[in-house]
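A.B. asks: Here it is, the structure in full.
The values are calculated or read from the model by the stated rules, or taken from the named source; none is laboratory data. Just so we're clear, the structure is a prediction, and the values are computed from it rather than from any experiment. FYI the Cβ positions are ideal-geometry reconstructions off the backbone, even for glycines, and counts take in every protein chain you see. Remember, those area values only see protein heavy atoms, side chains included, never the ligands or the DNA or RNA. Shrake-Rupley method; radii C 1.70, N 1.55, O 1.52, S 1.80 Å.
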Amino acid sequence: MPGLQHLTVLSGGMGGAKFLQGLLHGVAGGRLPGVSPDAEVIVIANTADDLWVHGLKVCPDLDTVMYTLGDGIDPERGWGRRDESWSVKEELAAYGVEPTWFGLGDRDVATHLVRTQMLDAGYPLSAVTEALCRRWLAPGHGGRVRLLPMTDDRVETHVAVPDAESASGRRVVHFQEYWVKLRAEVPAEAVVVVGLDEATPGPGVIDAITDADLVLLPPSNPVVSIGTILGVPRVREAVVATSARVVGVSPIIGGSHVRGMANQLLTTIGVAVAAGAVGRHYGARSQGGVLDGWLVDESDAGELPGLHEAGLAAAAVPLYMTDPEATAAMAAAAVELVS
């Protein structure tokens, strides 16, 4: 596949953002086999984690990708702004205003204010995201990047959890409450993505997949990140039909997620917490799935025969994203796998 010029990545938040950071590092440095150093990278980001907080529209995955690629992310937390302060959060808590469990940093609030004002003025989320990215993804941040919301429509992920006080024995909470307040420490009995079936792909989303030279699925959550993007009507079909090769990277290493809650949510949908099982969950395009290739960690090399039997090109390489150089090498291995 010489001279690849258009790469499309379906991304969640932290895992996807770190992968993109390394991917762009590899593109700019000519480290990806057959990929042009001036290749364009289009990111289709999950928006089903979005929520309204204190009257502000918050888009965690869009912002995590935007801040990470624009070098404004807090590297310790992996989300939010670097050198953040929390005066507004503390004042709201002093007034007893809920939710106190979801904190917006003072610098981060500016992004949400701008987004909310533009949405209130009638701009769709895709146009708002483009405007915000003029600050963060200007030339000089390691390649040509465009960030697209998976949809302009309101889509929200909710999780059913046990509740002994409820007549049904369960209650449904927003995904962010499950992740931030409950810390994913209670069983997830079901995942319900409200509005997904009625959503339409955001502007440019289908073309980004159809016109790509390569489509990549980073080590984002297969259920509530990649899964929701693929769940937008016409998106999965576009991935299946594209002439580009499609390759994914396992979020599971040695039988566990590195960070996040893939362990809990994979179990909810009946998929084993194993690199091979997630690859087979996505499935080979030759058999109605979405992948041509699947990359697993070297510790999971024993999964390769089963993946090959499932019709997938597969290889085992180091998958820990310790720094952009290591992640670029991982991205290069993914490209090479389907070359």
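A.B. asks: What's the number of the condition PRO218 fails, among (1) within 16 Å of the chain's Cα centre (by Cα); (2) more than 23 Å from ALA45 (Cα to Cα)?
C.D. replies: Single failed check for PRO218: (2).
A.B. asks: Filter the stretch 1-27 down to residues that are open to solvent by 10 Å² or more (accessible area, probe 1.4 Å) and assigned to a helix (DSSP H, G or I) and give me whichever is farthest from ALA45 (Cα to Cα).
C.D. replies: HIS25
A.B. asks: Among the residues of the stretch 301-324, write down those that are closer than 12 Å to LEU291 by Cα and charged (D, E, K, R).
C.D. replies: none
Every residue, every condition in (1) over 25 Å from SER339 (Cβ atoms); (2) open to solvent by 10 Å² or more (accessible area, probe 1.4 Å), yes or no:
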{"residue": "PRO33", "(1), (2)": "no, yes"}
{"residue": "VAL41", "(1), (2)": "no, no"}
{"residue": "ASN46", "(1), (2)": "yes, no"}
{"residue": "GLY55", "(1), (2)": "yes, yes"}
{"residue": "GLU84", "(1), (2)": "yes, yes"}
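A.B. asks: Another one. Determine which member of the set GLU309, GLU336, GLU325, GLU298 is closer than 13 Å to LEU216 by Cα, open to solvent by 60 Å² or more (accessible area, probe 1.4 Å) and not aliphatic (A, V, I, L, M).
C.D. replies: Step by step, each of GLU309, GLU336, GLU325, GLU298 is checked, and only GLU336 is closer than 13 Å to LEU216 by Cα, open to solvent by 60 Å² or more (accessible area, probe 1.4 Å) and not aliphatic (A, V, I, L, M).
A.B. asks: Please give the number of the condition GLY254 fails out of (1) surrounded by fewer than 21 Cβ atoms within 10 Å (Cβ to Cβ); (2) in contact (Cβ under 8 Å) with a residue 60 or more places away in the chain; (3) of a type outside the set (A, V, I, L, M).
C.D. replies: Condition not satisfied by GLY254: (2).
A.B. asks: Here are some conditions: (1) open to solvent by less than 10 Å² (accessible area, probe 1.4 Å); (2) under 22 Å from LEU337 (Cβ atoms). LEU266 meets all but one. Which one does it not meet?
C.D. replies: (2)
A.B. asks: Restricting to the stretch 91-142, count the residues that are in a helix (DSSP H, G or I) and surrounded by 11 or more Cβ atoms within 10 Å (Cβ to Cβ).
C.D. replies: Selection size over the stretch 91-142: 27.
A.B. asks: Of all residues in the stretch 63-77, count the ones that are acidic (Asp, Glu) and open to solvent by 60 Å² or more (accessible area, probe 1.4 Å).
C.D. replies: 2
A.B. asks: Of the conditions (1) modelled with pLDDT under 95; (2) over 19 Å from ARG245 (Cα atoms); (3) open to solvent by 20 Å² or more (accessible area, probe 1.4 Å); (4) out of contact with any Phe, Trp or Tyr (no Cβ under 7 Å at 6 or more places or on another chain), GLY80 satisfies every one except a single condition; which number is it?
C.D. replies: Among (1) modelled with pLDDT under 95; (2) over 19 Å from ARG245 (Cα atoms); (3) open to solvent by 20 Å² or more (accessible area, probe 1.4 Å); (4) out of contact with any Phe, Trp or Tyr (no Cβ under 7 Å at 6 or more places or on another chain), GLY80 violates only (3).
A.B. asks: THR47 - would you say it is at pLDDT 95 or above, in contact with a Pro (Cβ under 6 Å, 6 or more places away or on another chain) and not in a strand (DSSP E or B)?
C.D. replies: Here the answer is yes, as THR47 does meet what is asked.
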